[in-house]
Amino acid sequence: MPESFDVPTYRQAIPAIAAELRRARRFEHPLAVMVVSPHDPTGAAERVKRGFTLRPRVEATPPLYFLLGSLLRNVLRETDILSAAPEVLSYVVVLAETAQTGADDAARRFREAFRGCSGIELRIGIATFPSDGVTLEALFASASEAWESSAALETPARVQPGVAHG
């Protein structure tokens, strides 16, 4: 990873994320956890005609990943926490004081900004405290599950309400 890429890894950010979750619990405030990565939904079903690819699949390449990291660093609030998951070319974003509606709005802004600078869609999964989990592990698992099922939907995916986490 380039030295100029100053986003801590998820493991490095766990103490800060855990502290923010403790604060949310103590004051009964909302918190959102998002898993975000570059994704091209049109490339998901690569089409081939006469041996030639009509539309090449766009994978989350390191340049796209670093571009997304730069964008997120610049659009997040000071109170939000950005961490990298470089092994899967994704980011974990923790939005302090943010309920589901605010997280959906943030996801929409991230999508529009990234699409505007790269032409590529984002894949986003969201989980909120306390409805989707009360522990860091449960929130991350819920956001990851939503990310897995999102396939770059226009609206960010969420786990189904009523599923017990944590």
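Rule-based calculations on the coordinates, nothing more; no lab input. In this text the structure is predicted, and so the values were computed from the model without any measurement.
Summary table
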quantity: P(r) weight above 17 Å for the stretch 61-130, C-alpha pairs, percent; calculated: 40 percent
quantity: Stretchable slack from E97 to V75, in nm (0.36 nm times residue separation minus alpha-carbon distance); calculated: 6.3 nm
